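I have placed the structure first, in the form of structure tokens, so that the comments after it can refer back to it.
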Amino acid sequence: MNDRGWEEEDARPYFFLSYAHTPKAGARGAGDPNHWVRQLYRDLCEAVLQLTTAPSGVPVGFMDESMHQGELWAERLSEELAICKVFVPLYSPRYFNSVPCGQEWHAFTRRPVYPSTMDVERTSGIVPVLWAPMSRYRLPKVASELQFNHASFGQDYATEGLYALMKLSYFRSAYELAVHRLARRIVQVAEETVIPVGRRLDFNALPSAFNVSAPTKQLRISVLSYHQGEVPPDRNPDFYGARRTDWHPYRPSGSPIAQHAVRLARQLGFQPTVHEFDDEVESIIDGNAEAPGLLLLDRWALRDPRRCELVRRFDRSDATWVGVLEPWNADDPECAERGGELGELSDQALRITRRASRPSFLGATGPGGPAGSAGLNSLDDFDDALPRAAMKAKYAFEVRARAEPEEPPPTRRPDLRGAFRPPEGDPFGPQPGNDDDPYRDDGDDPHDGTAPLGGRGPR
């Protein structure tokens, strides 16, 4: 038995079906959106079984049907990805936007691939499937590099994708043909490759094989607040949790504000992550931004001199790609009582932010609060403000990215040939407009950064 608990003589599953879980529609009584993937999996298992000598009772394939997060879920995925013979990804727009799918791809491709004989040239154990047409979408590099002829599964399949062939009775025969040929391809790849059993990896720590999101699709949500162990004596600890990111200013409405912000950001197409501002602030101040961001600021935390100074430094850095939101619960008696004091602290810490045209929507402090503040006195106010702040932060990040200077060209050796070049006008000298190195962009090419013969220019 090896370190994964798998006996070497055990039959290994032929394929791992990798797909993006589709969430249920909001309508009551909506069916299971992953029903058709399960049906494809069953049909594939039956077809592969018919084409092989796999013994009865041995799993022919694997499909994750649990959708459960946690250690046991991750361990099972890692186990199956370490022993399966073929990886079968279901291509769809949702698939290449899924971090777990990218992690599955990465885990499988960590295993080496060898041709089974000298006469076989196959070097990949991946058999991609068009679940939905992908002609309008740009594939990630790892997928675009695969040489695969989808038309060999049938023209209707190549045009419509398997999902349409399953759903529409008109395509029933085309679906059966595609499944048969797909099963045959899985068996063929399994027989023409040797992919040794791999190690069981820490699935949750794996990177995605896809560049899942461009920086402006990401959104880093930072929270400046207390955890319950830091709450001052005159502040109700019920608005806080074990972590600073558990701050719940509108309690009992909604959920902790960071969780609520994540849901709103996902509706805008972002892929948000949540962080403590204390951990993020230095990289923001230094200008090492990975993505646009939002700061959810608890004014009560400004009573802490250290954190107040962090906010002042952030303000002076003029990080326009980070929007500031200050949730303020008008129904909280303690906020009403301390409104003037905390509003003044906020004004002093965020002077530049208040003056500049920033993606910033600052909560009102009630009577005596800063004049003209937008007012995030309720969860509804917060819901209205976050989309504007997030999109303005995104636009500011894009402007900043375009304004960044390009990397300087690589240092070249001194060119001593110039001393021996023919004088200008010599018919045997270099001609105007010709590149001295046609396979490399030296910065003097008339091709906008691309060498004439296909060399790679600066990026």
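The numbers here are math on the coordinates, done by the rules we state, and not lab data. What you see is a predicted model; the values in this text were computed from it and never measured. Cβ: placed from backbone, ideal geometry, glycine included. Neighbour counts: every protein chain shown.
Working value for segment 60-197: equivalent-ellipsoid semi-axes of 24, 20, 15 Å, each the square root of 5 times a Cα gyration tensor eigenvalue, largest first.
Its Cα centre serving as origin, segment 215-403 has a Cβ charge dipole (Lys and Arg +1, Asp and Glu -1) of approximately 800 debye. 3J(HN,Hα) along segment 191-197: 7, 9, 10, 10, 10, x, 4 Hz, from the Karplus curve 6.51 cos²θ - 1.76 cosθ + 1.60 with θ = phi - 60°, whole Hz, x for Gly and Pro. Measuring r between the beta carbons of Val58 and Asn236 and using R0 = 45 Å, the FRET efficiency lands at 0.15. How about Lys217: which lysines have a C-alpha closer than 16 Å to its C-alpha, ignoring those fewer than 8 places off in the same chain? Excluding near neighbours in sequence, the set is Lys392, Lys394.
Where both bridge residues fall in segment 15-205, DSSP classifies roughly 15% of the beta bridges as antiparallel. Classification of segment 74-147 by its C-alpha gyration tensor yields an oblate form. The axis ratio a/c (a ≥ b ≥ c) is 1.5 or more, and b/c is at least a/b. With viscosity set to 0.890 mPa s at 25 °C, what whole-number translational diffusion coefficient in µm²/s follows for segment 215-403 from Stokes-Einstein and a Kirkwood radius over Cα pairs? Diffusion coefficient, whole number: 151 µm²/s. Only Cα pairs under 8 Å and 6+ residues apart enter the sum, and on that basis the relative contact order of segment 215-403 stands at 23 percent.
For segment 119-167, state which GluC sites (Glu not before Pro) are in a DSSP loop and have at most 15 other beta carbons lying within 10 Å of their beta carbon.
Answer in residue order: Glu121, Glu145.
For segment 138-223, the set of chymotrypsin sites (Phe, Trp or Tyr not before Pro) satisfying both a DSSP loop assignment and a count of at most 16 other C-beta atoms within 10 Å is given as Phe148. A straight Cα-to-Cα reach below 26 Å connects Lys167 with the lysines Lys24, residues fewer than 8 places away in its own chain not being considered. Between Phe148 and Tyr114, the FRET efficiency estimated from the beta carbon spacing at R0 = 22 angstrom works out to 0.65.
The residues neighbouring Val189, those whose beta-carbon lies less than 14 Å from its own, together hold a net charge of +4 under the Lys/Arg +1, Asp/Glu -1 convention.
Here the simple spin-label model places points 7 Å from the Cα toward Cβ, and for His227 and Asp318 these points are separated by 3.6 nm.
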